[in-house]
1. Show that you can apply the helix-only estimate: for the chain, add -39,500 (n - 2.57) for every DSSP H stretch of four or more residues, divide by all residues, and state [θ] at 222 nm to the nearest 500.
2. Among the listed pairs LYS213/LYS340; LYS21/LYS170; LYS7/LYS375; LYS340/LYS375; LYS120/LYS340; LYS62/LYS170, which have their C-alpha atoms separated by more than 19 angstrom in this model?
3. Grab the Cα-Cα distance for ARG221 and ALA142, subtract it from 0.36 nm times how many residues apart they are, and report the gain in nm with one decimal.
4. Report the gain in length on full extension from ALA131 to ARG271: 0.36 nm times residue separation, minus Cα-Cα distance, nm rounded to one decimal.
5. For a Förster distance of 25 Å, can you work out the FRET efficiency between the beta-carbons of ASP441 and SER261, rounded to the nearest 0.05?
6. With θ set to phi - 60°, apply the Karplus curve 6.51 cos²θ - 1.76 cosθ + 1.60 along region 105-115 and write out the HN-Hα couplings as whole Hz, x wherever there is a Gly or Pro.
7. Based on the mean of other beta carbon atoms within 10 Å per residue, what is the order of 398-409, 205-216, most packed first?
8. Give me the net charge for the shell around LEU269: Cβ to Cβ below 13 angstrom, other residues only, Lys and Arg +1, Asp and Glu -1.
Amino acid sequence: MDWTIQKAPPLNCELEVPGDKSISHRSVMLASLADGPCVIRGFLPGEDCLSTKEAFRAFGVKIERPGATSLIIHGTGGRFVQPAHDVDCGNSGTTMRLLSGLLASQPFQTRLTGDASLSKRPMKRIMEPLARMGARITAEGADERPPLRIEGGSLQGIDYTSSVASAQVKSAILLAGLFASGSTSVTEPHLSRDHTERMFEYFGIPIKREGLKVTVAGGSRPQPRDFRVPGDVSSAAFWLVAAAAHPGARLRVNRVGLNPSRTGILGTLTRMGARVREFEHSNQGEPIGTIEIEGASLKATRICGKEIPNVIDELPVLAVAAALAEGTTVIADAAELRVKESDRLAAIASHLMAMGVPVKETPDGIEITGGRPLKGARLDSLGDHRIAMAFAIAGLFAEGQTVITGTDCVNTSYPGFYDVLQRVSASREQGVPLVIRLEDDSSEGADGPDA
Ligand code: S3P
């Protein structure tokens with residue numbers, strides 16, 4: 001399906017976003033490892049997280065889905081069965097990398113496959129540390145690309161220093177560490193999202209954090225716990241930028257995750273001139289609350305160093321903010337963007353240029369000179385959900401029509417995005433905010449009875 005987008009007036013809106021993708025994946029994993037039932041609410045019914053859920057069903061975990069966003073997971077205490085078929089991780093790097101850590105110790109063989117985009121993504125980053133723990137993982141693609149074959153066996157703990165700040169690498173090793181002898185530590189160059197650590201603690205697994213090092217003891221298992229997944233701040237990011245870059249716009253996002261390892265975008269937009277406030281309302285291991293933002297004439301900034309892992313998924317839409325800001329924004333130290341669902345630096349560069357924005361692509365970043373009017377253009381998603389959504393937001397500011405092609409990929413992380421986009425851009429109501437609430441735990445999308 002193609003999306004057609006026109007220039008829109010400033011947002012005046014209060015909304016909720018679907019459940020956090022990273023936390024939804026981990027909630028299925030931790031609950032499946034627990035010895036007993038767990039109720040998960042606010043689960044993201046996006047294709048990536050559904051791939052994780054289906055994988056655990058294939059490993060013999062009974063998972064009921066009484067509503068689109070609720071799961072009842074009957075954990076098996078870490079005892080899984082050999083799946084009867086290949087496990088399809090779809091587009092999801094998180095599914096493939098974290099499952100590799102977990103399956104490395106299971107007493108059976110598994111083959112993990114993925115779609116065309118996932119089949120191009122690097123797996124050496126997890127294969128190498130897991131091999132040091134004793135894992136037997138082979139990649140069928142060139143240069144350690146998927147599909148992966150995992151032959152489970154006994155593992156030993158390691159003390160690993162990672163060269164990339166990657167939550168997927170850290171989490172794969174920590175999950176393997178639960179089944180390894182001795183203790184397992186991971187040290188990363190900068191803090192990546194710490195959902196695995198927080199969820200380990202919430203589910204009763206002790207961990208030790210010392211600066212950028214985290215350690216878990218082999219043999220620990222999660223206890224059954226109910227859990228509510230907060231809204232995904234990376235999904236909120238699209239609306240945050242739509243509001244931030246428009247003087248007169250006002251936006252409130254409710255029930256969203258406020259984990260400080262994910263809210264870097266709030267600091268970036270504040271530096272660029274937007275007025276941002278956050279209020280924490282509850283904390284179940286993961287802080288949940290409200291973000292309020294008022295738009296402004298943005299100014300350029302520099303995004304680099306330890307800020308990068310904190311805004312890694314927001315950089316495509318922050319690049320759009322940069323195109324709307326006065327001056328040259330420099331994004332550096334972001335080579336990781338080249339190995340996401342697409343080469344995001346190349347995608348940002350080509351799409352901004354098509355919209356009339358001067359850019360300079362560098363090996364690990366991009367320089368964007370903003371402040372000129374954007375021109376509508378016909379842009380392909382390149383199969384990358386965040387590229388599709390970021391440039392849909394650019395379309396709200398562009399003269400003429402913007403068309404985004406190949407938008408089905410958005411269902412991986414944000415089903416319903418285009419519906420919200422249409423409602424937001426059609427709203428001409430002055431003074432009264434448009435309120436968009438999500439149906440909580442509706443039965444729409446519920447699965448039938450399950451094994
Ligand atoms: C994720 C970690 C990030 C992020 C991805 C989800 C996770 O990847 O880009 O969307 O859930 O752990 P890296 O950890 O590889 O940077």
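The values are calculated or read from the model by the stated rules, or taken from the named source; none is laboratory data. Because the structure is predicted, anything quoted here is derived from the model rather than measured. FYI the Cβ positions are ideal-geometry reconstructions off the backbone, even for glycines, and counts take in every protein chain you see. Accessible surface areas use protein heavy atoms only, side chains included; no ligands, DNA or RNA. Shrake-Rupley method; radii C 1.70, N 1.55, O 1.52, S 1.80 Å.
1. Working: 13 runs with 129 residues, N = 451.
When only DSSP H runs of four or more count, the value is -8500 deg cm²/dmol.
2. From LYS213/LYS340; LYS21/LYS170; LYS7/LYS375; LYS340/LYS375; LYS120/LYS340; LYS62/LYS170, over 19 Å: LYS213/LYS340; LYS340/LYS375; LYS62/LYS170.
3. Length difference between fully extended and current span is 24.9 nm.
4. Values: separation 140, 0.36 × 140 = 50.40 nm, distance 4.26 nm.
Extra length from ALA131 to ARG271 when fully extended: 46.1 nm.
5. Details: r = 27 Å, r/R0 = 1.09.
FRET efficiency, ASP441 to SER261: 0.35.
6. Here the 3J(HN,Hα) series is 9, 7, x, 7, 9, 9, 10, 9, 10, x, 6 Hz.
7. The peptides rank, most packed first, as 398-409, 205-216.
8. -1
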